[in-house]
Amino acid sequence: MSHEDHALGDDPSAPSVTDPGSAPPERTAEAALRPRRLDEFVGQQVVREQLSLVLDGAAGRGRSPEHMLLSGPPGLGKTTLAMIIAAELGAPLRITSGPAIQHAGDLAAILSSLDEGEVLFLDEIHRLARPAEEMLYIAMEDFRVDVVVGKGVGATSIPLDLPPFTVVGATTRAGLLPAPLRDRFGFIGHLDFYAPEELREVVRRSAVRLEEDLEEEAGVEIASRARGTPRIANRLLRRVRDWAQVKGDGRLDLAAAKEALRVYEVDDRGLDRLDRAVLGALCRRFAGGPVGLSTLAVAVGEETETVETMVEPYLVREGFLLRTPRGRAAAPAAWTHLGLEAPEGGGGIAPMLGRF
Ligand SMILES: Nc1ncnc2c1ncn2[C@@H]1O[C@H](COP(=O)(O)OP(=O)(O)O)[C@@H](O)[C@H]1O
Ligand SMILES: [Mg+2]
């Protein structure tokens, strides 16, 4: 799923340092750094405010809040927010994900064992299989699940009433959710990339939790090169700590930050190897595009979904890449960043100019 062939360091299964996804060995390190309450959650002002209204409103009525959907690129805090929602409600949390539910029966088993007020976190909800998705519609709307007993012709379906509960769904691709499913969420929060100052605050807090003395300039450097993503900021912080401990004098200062970032091939805009490979292919092989996403993914040897969810959003947001009706195109900044000369007339966007 992630671009693991870009891994560096001793552990071949470790993700690239700027991979916004997280691999299992890293989850423990992440768990230690997760904010536990809404007021410890940095940034995302809009979502935080909306969420706190939903939670306070429900608390005031003494009822379970409506179902909530969190969308946004990986590493921006969806899982963290789901845990915070449960913590703020003082409710138990059940965690599962779309891909983990193979059959509708798996979902029925989970739903029928939910306690009153429980929060059910459904990560990667866009990857739920169709029959499970339909079961979820009914459960979310009518708090009912039809449990199938027996097999074959003798099978009967028994409707089972469920206690009130709250689904918190997370998705990196809100656009893929079928409308009927999306409509069952009373609240949809869109997480966006973080500003450098916000990431500065994230790493500052993480350093405190890690009991490390992080120098101001080092924190600024990490924050400005973390691709707008707290997961990456925290990971860079841990790599800088490694560097300081192994190669440096133990101090987390600017020199340690710069060296560690160099070792891990994070450039001054926070782009990693895969980001640069995508831009490089776009500019060199496709003359700036426009080119279809899947063609571009093949050119860099990655799955389309990886490029679409992990690479593209940040490149678009930073103005390196344009999404056009005819495919992906390089923006002038892409050529400049790669140290390339844009072809006559601007390269990738030239063919598009007539269309805008
Ligand atoms: N707003 C935030 N403030 C502080 N830390 C954050 C924030 N958002 C994410 N993190 C940190 O980043 C890491 C990844 O967050 P996570 O919730 O797992 O992202 P997602 O589920 O969206 O991929 C976690 O370790 C968490 O501590
Ligand atoms: Mg997550």
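The values are calculated or read from the model by the stated rules, or taken from the named source; none is laboratory data. Because the structure is predicted, anything quoted here is derived from the model rather than measured. Don't worry about glycine lacking a Cβ; one is built from the backbone with ideal geometry, like all the others, and counts go over all protein chains shown.
Summary of computed values
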quantity: Qualifying residue in segment 95-107 (condition: within 16 Å of ligand 2 (Cβ to nearest atom), under 17 Å from the mean Cα position of the chain (by Cα) and crowded, with 22+ Cβ neighbours inside 10 Å); calculated: no
quantity: Residue pairs meeting the criteria (Cβ under 8 Å; at least 6 apart or on separate chains; first at pLDDT below 55, in segment 9-24; second within 13 Å of ligand 2 (Cβ to nearest atom) and not acidic (Asp, Glu)); calculated: SER13/ALA23; ALA14/ALA23
quantity: Failed item in (1) over 21 Å from ALA23 (Cβ atoms); (2) part of a helix (DSSP H, G or I); (3) of a type outside the set (Lys, Arg); (4) more than 16 Å from ligand 1 (Cβ to nearest atom), with ASP242 passing the rest; calculated: (1)
quantity: Candidate set: segment 108-128, residues that are surrounded by fewer than 16 Cβ atoms within 10 Å (Cβ to Cβ) and of a type outside the set (Ser, Thr, Tyr); chosen: the one farthest from ligand 1 (Cβ to nearest atom); calculated: GLU116
quantity: Enumeration of residues in segment 259-289 that are under 24 Å from GLY219 (Cα atoms), of a type in the set (Val, Ile, Thr) and in a helix (DSSP H, G or I); calculated: VAL263
quantity: Where a residue in segment 289-306 is under 18 Å from ARG273 (Cβ atoms) and at pLDDT 95 or above and its partner, wherever it lies, is basic (Lys, Arg) and outside any helix (DSSP H, G or I), with Cβ under 7 Å and at least six apart; calculated: LEU296/ARG328
quantity: Filter pass, VAL240 being within 23 Å of VAL42 (Cα to Cα) and of a type outside the set (Lys, Arg); calculated: yes
quantity: Qualifying residue in segment 147-167 (condition: in the same structural domain as GLU49 (by TED's automatic domain parsing), within 16 Å of ligand 2 (Cβ to nearest atom) and either in contact (Cβ under 8 Å) with a residue 24 or more places away in the chain or among the basic types (Lys, Arg) (or both)); calculated: yes
quantity: Criterion violated by ARG285 - all others in (1) surrounded by 20 or more Cβ atoms within 10 Å (Cβ to Cβ); (2) free of Cβ contacts under 8 Å to residues at least 24 places away in the same chain satisfied; calculated: (1)
quantity: Hey, VAL42 crowded, with 16+ Cβ neighbours inside 10 Å and either within 16 Å of ligand 2 (Cβ to nearest atom) or under 25 Å from ALA179 (Cα atoms) (or both) or not; calculated: no
